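Structure, as structure tokens:
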Amino acid sequence: MRNKLTSAVAPTLTERAVIVTSAIPRHHTAASRNATHKSYGVGLALLLAALHFEALAPPQSDAAFLERQCIKDGCTEEKKLCMRAFKDQFEAAKASCADAGKERERRQCTRAKRSAFKQSKRGCGRAFKQTCRPCCAKGQITGCSIAVCGDGIKVVGEECDRADDSACPDVCRGDCTCPVCVRTVGAADPYYDRFECASCANDCTSEANCVMSGCSGEVCAAESVVTTCEVVPAPRGSCGCVDGECVWNLCANGQPIWMGRADGCVQCQPCQPPDLPDVLRDLTDQGIDVLDYRLDSRAVCLACDICPSGRFFVVLISSEDKEMLEQQGWSAW
């Protein structure tokens, strides 16, 4: 929601005096003019005195006037929109309580929805006081907004907000950010042409545009295709819209980070380290989505029977899984 600030400014002292004097009616006779001037004389004298004292005081700056306009036309209006949005959500949620079962359960459901609504309203008020008004006070006349995640209105500081999700249709997260998704089938994959169907229509604007097809559902595209039936490895991740294209992908719940772990071997000693596929399978069994992976090397030291081999397993995972991997000997890469 953008401020509706106009370029209007407060009239000057001279302009106000002209406005008042121009209001004196014009008469055709000398007697009527004299009577009118006498009646206006005292009032005009008082006005000029007031303007004189006002001129002695520090003049109201344009910045102060614009700040008030920013708060009135921007912050106040956005606060109303924020509260109205949560009010509409509450009414819809309250209606759903009608199917909650017994009367007691329906009342409990309604109380819970009302409590959530009150908390959301308080969030609108906090954003008004703590964010929008201070923004106007700093002279940032445009761009001041009330960002309350969940009201369905995307503003500065939010990538998306519920249905207002043009940046990532259908996949806006609860914290009003878009998920970070990476492709799981690269061009070097021997099954790339089959899994990604490079010759198919793949343009998309939302998840709903992408379909899985093929003999075993191994093809991800914006159209359904028919393939021959033979045993092929299953592609990792899910079929969805990433950067305007239907691809196999995995999305991180948090910020993606790289983490590495030594293969467990030491220099000059025979060793049979685990295979990378086995490492990936172990992580998957723990419920950890591996967005990308590779084998890497890093010289630590050079000494037989003491120093590690220098070979590492490196994986790209969500920051939400970082602590779990650290407990297993992984570290940031």
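Among the trypsin sites (Lys or Arg not before Pro) in region 108-195, which ones are in a DSSP loop with at most 14 other Cβ atoms within 10 Å of the Cβ? Mind listing them?
Lys138
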Overall Cα dimensions of region 171-253 - principal axes, largest extent first, Å:
42, 20, 19
Just flag the GluC sites (Glu not before Pro) in region 183-269 sitting in loop per DSSP whose Cβ has no more than 13 other Cβ atoms within 10 Å.
Glu230
Of Lys79/Lys138; Lys72/Lys94; Lys80/Lys113, which sit over 22 Å apart, Cα to Cα?
Lys72/Lys94
May I ask you to compute the full-extension gain from Cys215 to Asp99, defined as 0.36 nm times their residue separation minus their alpha-carbon distance, rounded to one decimal in nm?
37.6 nm
Excluding residues on the same chain fewer than 8 positions from Lys121, give the aspartates and glutamates whose Cα lies under 18 Å from its Cα.
Glu77, Glu78, Asp88, Glu91, Asp151, Asp161, Asp175
So, relative contact order of region 151-262 in percent, Cα under 8 Å, 6 or more apart, is 23
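Please compute the volume of the convex hull spanned by the alpha-carbon atoms of region 241-333 and report it per residue in Å³. It would help to have the intermediate numbers written out before the result.
Numbers: hull volume 9.9 nm³, N = 93.
So the per-residue hull volume is 107 Å³.
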Whole-Hz Karplus couplings 3J(HN,Hα) for region 321-330, θ = phi - 60° and coefficients 6.51, -1.76, 1.60, Gly and Pro as x, run 9, 4, 4, 4, 6, 4, 5, 9, x, 7
Using unit Cβ charges (K, R positive; D, E negative) and no other charged atoms, how large, in debye to the nearest 20, is the dipole of region 104-182 about its Cα centre?
900
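Just so you know, all these numbers are worked out from the coordinates, no wet-lab data involved. Just so it is clear, the structure is predicted and the values come from calculations on it, not from any experiment. Note: ideal-geometry Cβ built from the backbone for every residue, glycine included; neighbour counts use all protein chains shown.
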